[in-house]
Amino acid sequence: MRALFLVAAVDSGGGRRHAQPAVRFLRAFRPTIRSRRSRVTLFQAVGLLMAAVALLAYAFGLLRPLELGVVDAHFSVRGTRKPPADVVVVAVDAATFDSRTSGGLGLQWPFPRSVHAKLIDLLRRDGATSIAIDIQFTEPTVAKEDNALVDAVQRAHGRIVLATTEVDENGHTNVLGGDDVVRELGARVGDSNYETDTGGTIRRVAYSIDKLKAFPIVAAEIASGRTIKRSALGGRSTWIDFAGPPGTIRTVSYSDAVLGRVPASVFRGKAVVVGASAPSLQDVHPTSTSGNGVMAGPEIHANSIETALRGFPLSSVPRSVTGAIIVFLSLVPALAAVRLSALRAIGASLVLAALYVVVTQFAFEHGVVLSFVYPLGGLLLSSGGTLGVHYVLAAFERERVRSVFARFVPEAVVNEVLASTDKDLRLGGVQREGTVLFSDLRGFTTFAEPRSADEVIEILNRYLSSMSDAILAHGGTLVAFMGDGIMAVFGAPLQQVDHADRALAAACEMLSERLPSFNDWMRSTGHGEGFRMGIGLNSGPVMAGNVGHERRLEYTAIGDVVNTASRIEGMTKGTAHSLFLADSTRETLLREPPPLEFVGEFDVRGRAGRIRLWSLVSDGAAAPVAVAAKTPPDPAAPA
């Protein structure tokens, strides 16, 4: 009787080098826990889950300090721009407090208001487009001094903005005695406060604070002669597009300006910010471009004014766009994992991450601030998640392969093959030089007909177990059981240079040891006198691999060599020989075989040429029969 195909593989004795073809062989087949559609769904679910995590982190600003730090890094990579030509700072610096002999004013802070009045008049005459005084005048001092300042502000009608940090709940101030006074003088007031991030860092300018327009917004309106609407900022605040680190914007000393030591051209046509820069006056703050240092308040205002004058060139994309980017980058690793191996999918994710780093910097330098941390966080989380799923699936697949192969090959070979595989486990079509063995019991069908199923199965299992042990012991791969028939391959899936020697040794053991032992058991248990067996061996190129459905795979071998081996086994029927081996097998032997005798040349059904057959010298000696006939009995005849 014929049966199905089984396969096994063992180490050929040549060490791990023989496992490498098997590794390639395993990678040709990817057993999965579920269908491919389920695999895709699983990876997509991981990507969406990680996207959800990143979106939640974005919504609640959990990584905002890191995100802001990236913005600072963008400024650093962009470098210092050309100093802006439309703003200048007059700084109350340390030199201003020096004695008159040292070039300073030799005054204590706060300065008399008449000194500020003198500076305002000078800046007005020199042609400043706007004069932003970042000094608070909310409390009266000496009447003479206060009047001098009021008069100077009135003379600079329409060009003065005064700073304050004291605003009531309705946006009103007490600068120079109140809003009505300021309005009568033709001046304006702006809130000089800034919203600060963690660590007190200033990065954004607001449109208004406490219902009062921000100081730099008012100064920019005066300098440009146009009203700035909230919509121009894209929200309640926007990024300050700092020109560079502290000192980038041109700054002159307050004392030099008051004493007339600065050319009028420095101020002509510019927005001038007057304020304190001396550290002792405590108007210094960390910013996006100050690094580990600080920037003086007047220079921060100057950067804000210059940003407003240029139309707020630096803006963030809408939150919806950021959300879409997060989802997209989170799904890429998951989608890549469907078609790529784990390492290649991670490699693709890393390339995408590097590309996104470049894109965010490019966008920043062109005025667009893209979220960096959350999209990359989603990408990295998704990469880690898909990598984990890959390895979980691989573990299941590895166990499935182990389960499948352990039935057909020695455990040592299974371990070696699996240990050599670091990517997807695959089993698929490969071509190997190997030897195919077919065996069959004579008369088993007739023997089985009158007996019970339990008895037949017991006998068959005893026989197949014994013969399988012989095949496995010599490194064979069980391809199939076909009733009482066996098909095995030597040389696949692991390459074996001595496949023919192994196949012949297994056949000899089956005939000389296993079959006599089995027949002794048959007689001792009263099942009968036993059986004869036919074996056919043929060598050459064999195509081996898995066939069937994903849920029901069978390893098999096909090709002319396989078909011919089956025919050769059938040709032993009606002869005194239990073993026929083709001339191709005899010529492939590497070791000295047992004594062989040439049987003859025969026609083989399905082949155009004749085939030369050999057998063991001792095979059939007890019952010699004529084999000179070149056409043996039909192998399809009843066993």
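The values are calculated or read from the model by the stated rules, or taken from the named source; none is laboratory data. Just so it is clear, the structure is predicted and the values come from calculations on it, not from any experiment. Because the Cβ atoms are built from the backbone with ideal geometry, glycine has one as well, and the counts that use them run over all protein chains shown. Side chains are part of the model used for accessible areas, which takes the heavy atoms of the whole protein and leaves out ligands, DNA and RNA. Shrake-Rupley method; radii C 1.70, N 1.55, O 1.52, S 1.80 Å.
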(message) Solvent-accessible area of residue 56, probe 1.4 Å, all protein chains present, reported in Å² to the nearest ten, please.
(response) 100
(message) Through the Karplus equation 6.51 cos²θ - 1.76 cosθ + 1.60, θ set to phi - 60°, convert the phi angles of the range 573-582 into ³J(HN,Hα) values in whole Hz; use x for Gly and Pro.
(response) 5, x, 10, 7, 9, 9, 9, 10, 10, 6
(message) Could you report the chain's accessible area per residue, 1.4 Å probe, as an integer in Å²?
(response) 44
(request) Kindly provide log₁₀ I(q)/I(0) values, in the same order as q = 0.06, 0.09, 0.12 Å⁻¹, from the Debye equation applied to equal alpha-carbon scatterers of the chain. (result) -0.57, -0.80, -1.10
(message) Which three numbers, in whole Å and largest first, are the semi-axes of the equivalent ellipsoid of the range 499-604 derived from its Cα gyration tensor as √(5λ)?
(response) 26, 22, 14
(message) For the range 229-322, take the convex hull of the Cα atoms, compute a quarter of its surface area, and give me that in nm², please.
(response) 7.9
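For residue 343 and residue 603 in one chain, what is 0.36 nm times their gap in residues minus the Cα-Cα distance, to one decimal in nm? Intermediate results must be reported in sequence, preceding the final value.
Details: separation 260, 0.36 × 260 = 93.60 nm, distance 5.36 nm.
Additional length available on full extension: 88.2 nm.
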(message) Under a Cβ-only charge scheme (Lys and Arg +1, Asp and Glu -1), can you give me the dipole magnitude of the chain about the Cα centre, in debye to the nearest 20?
(response) 1460
(message) Step by step: find N for the range 549-618, compute 2.2 N^0.38 Å, then divide the Cα radius of gyration by it. What's the final number?
(response) 1.33
(request) Can you sort 529, 601 by 1.4 Å-probe accessible area, starting with the largest? (result) 529, 601
(message) Can you tally the net charge around residue 285? Count Lys and Arg as +1, Asp and Glu as -1, for every other residue whose Cβ sits under 13 Å from the Cβ of residue 285.
(response) -3
(request) Please give the direction-averaged projected area of the C-alpha convex hull for the range 171-238, in square nanometres with one decimal. (result) 5.2
(request) Could you look at the chain and say what percent of its accessible area is carbon and sulfur, using a 1.4 Å probe and all protein chains? (result) 57
(request) Name the residue farthest towards the positive end of the dipole of the chain from the options 594, 217, 575, assuming +1 on Cβ of Lys and Arg, -1 on Cβ of Asp and Glu, about the Cα centre. (result) 217
(request) Sticking with the crude label model, points 7 Å out along Cα→Cβ, report the distance from residue 560 to residue 155 in nm, one decimal please. (result) 11.3
(request) Report residue 77's accessible area, 1.4 Å probe, all protein chains in place, as a number in Å² to the nearest 10. (result) 100
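To the nearest 0.05, how large is the calculated FRET efficiency for residue 392 and residue 227 if R₀ is 51 Å and r is the Cβ-Cβ distance?
Details: r = 61 Å, r/R0 = 1.20.
Efficiency for this residue pair is about 0.25.
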(message) Could you tell me the extents of the range 47-169's C-alpha atoms along the three principal axes, largest first, rounded to whole Å?
(response) 71, 39, 28
(request) May I ask you to compute the full-extension gain from residue 59 to residue 596, defined as 0.36 nm times their residue separation minus their alpha-carbon distance, rounded to one decimal in nm? (result) 185.1 nm
(request) Tell me which residues come under 5 Å, amide H to amide H, from residue 495 once H is placed; ignore anything under 5 positions away on its chain. (result) 22
(request) At 20 Å minimum axial length over the Cα atoms and a Kyte-Doolittle cut of -0.5, report the qualifying DSSP H helices in the chain, or say none. (result) 36-59, 64-78, 319-339, 342-365, 373-406, 453-473
(message) Need the full-extension length gain, residue 454 to residue 210, defined as separation in residues times 0.36 nm minus the C-alpha distance. One decimal, nm.
(response) 78.4 nm
(request) Heavy atoms only, probe 1.4 angstrom, no DNA, RNA or ligands counted: give me 181, 46 ranked by accessible area, highest first. (result) 181, 46
(request) Kindly work out what percent of the DSSP beta bridges joining two residues of the chain are antiparallel, to the nearest 5. (result) 65
(request) Determine the calculated [θ] at 222 nm for the chain from helices alone, applying -39500 (n - 2.57) to every DSSP H run no shorter than 4 residues and normalising by the residue count; nearest 500 deg cm²/dmol. (result) -13000 deg cm²/dmol
(request) Note down the accessible area of residue 433, probe 1.4 Å, to the nearest 10 Å². (result) 110
(request) May I ask you to list the residues of the range 238-270 whose amide nitrogen lies under 17 Å from a point 7 Å from Cα along the Cα→beta-carbon direction of residue 86? (result) 239-244, 249-250, 267-270
(request) List nothing, just return the count: lysine pairs in the chain, 8 or more apart or interchain, with Cα separation under 26 Å. (result) 8
(request) Arrange the residues 392, 368 by how much accessible surface each exposes, largest first, with a 1.4 angstrom probe. (result) 392, 368
